[in-house]
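A quick write-up on the structure given underneath.
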């Protein structure tokens, strides 16, 4: 058991390192660098930059050195906990991300809870009452939810929210709390703004989980042990909840690993549309601006989140499924 | 006002004409009758000290600080040489915070423009006549070699320190003169490549001295230029120009003055997390990042631009009062909230979440914006620009990757035919809601540089028949089975590439329509929707065939020539011929000399203008425009529109708002309208 965990940890570290190399290379792939983007922006606001000035800026940012030197410098700083300065924001990378990380986590957890809250009961219901009218209705809704791009959904909901209920456009706080320090009032304000993005982010994943739950449960329901349990005279809800549902839960646990990074990066478009102050839009922005340290750190963070998530889901799987536990000893 | 030159006088007269022309241009569309386009109006500066107020008032917050002994009395904060402003409509009252949207740390122009009065000279609401700002007067010597600037006596920085000629000399010697900060001299101070000098005459008088006549310097000082632009825009975002800087604050960061010299300055920078002293200085002199920095504009930053909100409060030492003696600004401050994308910003504007917003507003949303006027409690104004075209198709004259294509791009009749093939009316209706003026790239008819009657239409009307005839005649008469003209070298279809960036306007979509229209005369054009940085890199490398961009700014030809004539090099958006621009800028040592005698003629005319007096400069500019339009290096579509910063949403609560704004780079929209005089009525 301990060796298993150590093994996983070692693999996790290697994975993260590989991710950091790949991400750094990917960030460098597009032509030009941060200074080019910066000059373009300056030109857009009517300022001229000369080639000599551009060269001076490159030296200042260390962009005149080869990629591998830049990478090594960055990595050795990261090892000491110094993630560098964001070129675009002019602040330490950790500070820039830190502002947004907590809100990202809050939204992610809310979205995951909503996904499960909708998908689990519906999945169970439509498996148990297969081919019933509600099964068809939920399936239809689920597929529509999957098919409609969620940024479009966000736009539509936002428009009607504004038109009919005079809601704020996007964001997580009302104007009066935007600048205020944290207080109960601000937390309540956040709670009021949370459902909309949480539901929109949740809907995309819901259909998939409904289908997985339904399919898995259908497999399980046909197993002999279910018949045995029924024959023993257990109440129906207990027959279903205690054994087949538990077995069918595996996919839920194994997808935790992907949920964390999904909510950070997979939801960029929704976050942009809803103007959520989360890490997603920051990542997009830093990639466009080729702000290497910021983008590199976020990608690294995503990698770490995925690895941690996968690790957690392995542990949960071990806990909910005795067969996996047994497999480890074997 | 010594600079009240003929050039500017004509521009003033011109603006009166503009108001006569605009309704006619709008008459075709329903917008014309909607009353959205107002009359230009602006503040008046009271120059006669006899009419100045004798006693002064201040904002309640400042009065409280004075009472606590934390701030000197208002009369001691104001300069001897007051700036007395008569607002557009009435005396305002104190209070209120201006809510506005911005798009992130790169959007510092959003706030720089609000603080536009921090330059020696600022144009008035017509965009034509220079008004005193930090300087109370100025004069160019008769030989054009000495320009004298008279500063207001008793000016103070926002921390209370006096602002004098020393701050100008400090900038010139220690910022501009330091190669680590500013690697190359600027042309604004180096006529014909000969560096000029800045000399302190006394505490409030500065001379700019040149070896050769440099009459253009008057215009440069009054424009949004590297030398005349002031602190907010020219020293933020790692820029280091602007003509003056707060010496008493910035000296501590320079190796020359820092304790411990270079090592001391670098060590202090490292201790604060900067790589070196230059990086630290770039941060410290940036008003949008550093709340400690002393400034001269009406507002100063209290929460930096690199947070989710950019917050500013009033400058307690602002040097202007209204005619009743109230120290400006009226508003307590500005709060800009970060919008992660432009759609959200536009939606929020329509929801009435901003009090005044013209930046980033999309003209394509005008119908929805109007529909929500009552609900959002705002009024919509349409302000009109004076540049000739919002989408110009620049044909790269130095392109050489495909000799066949290059041959045609350099053929004047080919270019003219492409221009005649454009149905500008269709473009106008589809993308500008019919509010723009179709025609050539020339600046507005009323402006002195407009070359004259007939030049709006020259080669810029819709004539498919003539376009076809011209293309047939120059040797492109052969067509393929689909009706497209074929190359003369290998008989394949002739394909042109249009490089289009999704930036200020939906240029890729506009280009699709243009390509379609060219298709009707048998010219195949492929639109390449390119990311902006990539597009700039490609055109810097001379790789583009045709690039689409606005020619905004070219109405002041000498101050912003890059989108009218190829006299600038990469990275300054040299679309018309990057190699020719390089050749011009380097004085013939780099790049490629143009073979086209007309381009060489443009170069000569442009070079001669800096030493000419106003009348001569106007004639030269008209000559240049005539060549540019006759040669069609850039094919213009429609212009003089509200497309960029021209759709203005103003809260019903705001007072003293001009019914029309000047839309131009040098007007610093909306700052040229003096936001310090705007106020909340309730």
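The values are calculated or read from the model by the stated rules, or taken from the named source; none is laboratory data. Quantities reported herein were computed from a predicted structural model and do not represent experimental measurements. With ideal geometry, Cβ positions are generated from the backbone for all residues, glycine too; neighbour counts draw on all protein chains shown.
Data for the structure
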read-out: Test: residue in the range B:17-29 that is surrounded by 15 or more Cβ atoms within 10 Å (Cβ to Cβ) and modelled with pLDDT of 50 or more; value: no
read-out: Sole exception among (1) within 15 Å of the chain's Cα centre (by Cα); (2) modelled with pLDDT of 85 or more; (3) in a loop (DSSP other than H, G, I, E, B) for residue A:234, by number; value: (1)
read-out: Complete set of residues in the range A:1-25 that are in contact (Cβ under 8 Å) with a residue 24 or more places away in the chain and within 17 Å of residue A:301 (Cα to Cα); value: A:9, A:12, A:15, A:16, A:19, A:20, A:21, A:23, A:24, A:25
read-out: Filter result for residue B:292 (within 30 Å of residue B:180 (Cα to Cα) and either without any contact (Cβ under 8 Å) to a residue 40 or more places away in the chain or more than 14 Å from chain A (Cβ to nearest Cβ) (or both)); value: yes
read-out: Every residue from the range B:295-309 that is in a strand (DSSP E or B) and within 11 Å of chain A (Cβ to nearest Cβ); value: B:302, B:303, B:309
read-out: Count of residues meeting criterion [in the same structural domain as residue B:456 (by TED's automatic domain parsing), at pLDDT 90 or above and not in a loop (DSSP other than H, G, I, E, B)] in the range B:516-574; value: 13
read-out: So residue B:422, is it surrounded by 23 or more Cβ atoms within 10 Å (Cβ to Cβ) and touching a strand residue (DSSP E or B) at 6+ places or on another chain (Cβ under 8 Å); value: yes
read-out: Among the residues listed as B:566, B:561, B:578, the single one being closer than 30 Å to residue A:33 by Cα, in contact with a helix residue (DSSP H, G or I) (Cβ under 8 Å, 6 or more places away or on another chain) and surrounded by fewer than 24 Cβ atoms within 10 Å (Cβ to Cβ); value: B:561
read-out: Selection count where residues are more than 11 Å from chain A (Cβ to nearest Cβ), without any contact (Cβ under 8 Å) to a residue 24 or more places away in the chain and closer than 21 Å to residue B:223 by Cα, scope the range B:550-601; value: 0
read-out: Yes/no for residue B:328 being more than 10 Å from every other protein chain (Cβ to nearest Cβ), in contact with a helix residue (DSSP H, G or I) (Cβ under 6 Å, 6 or more places away or on another chain) and buried (at least 23 other Cβ atoms within 10 Å of the Cβ); value: yes
read-out: Candidate set: the range B:94-105, residues that are within 9 Å of chain A (Cβ to nearest Cβ) and surrounded by fewer than 22 Cβ atoms within 10 Å (Cβ to Cβ); chosen: the one farthest from residue B:676 (Cα to Cα); value: B:104
read-out: Subset of the range B:331-348 [more than 9 Å from every other protein chain (Cβ to nearest Cβ) and over 23 Å from the mean Cα position of the chain (by Cα)]; value: B:331, B:332, B:333
read-out: Boolean, residue B:259 is within 13 Å of residue B:118 (Cβ to Cβ) and in a loop (DSSP other than H, G, I, E, B); value: no
read-out: Residues satisfying the stated conditions in the range B:586-626, i.e. assigned to a helix (DSSP H, G or I), touching a helix residue (DSSP H, G or I) at 6+ places or on another chain (Cβ under 9 Å) and under 27 Å from residue B:543 (Cα atoms); value: B:598, B:599, B:601, B:602, B:603, B:606, B:624
read-out: Among the candidates A:316, A:324, residue that is more than 14 Å from chain B (Cβ to nearest Cβ), surrounded by fewer than 22 Cβ atoms within 10 Å (Cβ to Cβ) and at pLDDT below 80; value: A:324
read-out: Of the criteria (1) assigned by TED's automatic domain parsing to the domain that holds residue B:115; (2) under 20 Å from residue B:581 (Cα atoms), which one residue B:596 fails; value: (1)
read-out: Every residue from the range B:205-216 that is within 19 Å of residue B:119 (Cα to Cα) and in contact with a helix residue (DSSP H, G or I) (Cβ under 8 Å, 6 or more places away or on another chain); value: B:205, B:206, B:208, B:216
read-out: Failed condition for residue B:531, given (1) under 24 Å from the mean Cα position of the chain (by Cα); (2) on the phi > 0 side of the Ramachandran plot; value: (2)
read-out: Residue match in the range B:234-243 (condition: assigned to a helix (DSSP H, G or I) and within 11 Å of chain A (Cβ to nearest Cβ)); value: yes
read-out: Meets criteria (buried (at least 22 other Cβ atoms within 10 Å of the Cβ), at pLDDT 90 or above and assigned by TED's automatic domain parsing to the domain that holds residue B:662) for residue B:337; value: yes
read-out: Search result, residues across the range A:75-100 that are part of a helix (DSSP H, G or I) and within 13 Å of chain B (Cβ to nearest Cβ); value: A:77, A:93, A:94, A:95, A:96, A:97, A:98, A:99, A:100
read-out: Identity of the residue in the range B:295-306, more than 12 Å from residue B:108 (Cα to Cα) and without any contact (Cβ under 8 Å) to a residue 40 or more places away in the chain, that ends up surrounded by the most Cβ atoms within 10 Å (Cβ to Cβ); value: B:303
read-out: Out of A:267, A:275, sole residue that is buried (at least 20 other Cβ atoms within 10 Å of the Cβ), touching a helix residue (DSSP H, G or I) at 6+ places or on another chain (Cβ under 8 Å), over 27 Å from residue A:139 (Cβ atoms) and within 14 Å of another protein chain (Cβ to nearest Cβ); value: A:275
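Okay, residues lined up against (1) in contact with a helix residue (DSSP H, G or I) (Cβ under 8 Å, 6 or more places away or on another chain); (2) farther than 21 Å from residue B:295 by Cβ:
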residue	(1), (2)
B:194	no, yes
B:203	yes, no
B:219	yes, yes
B:227	yes, no
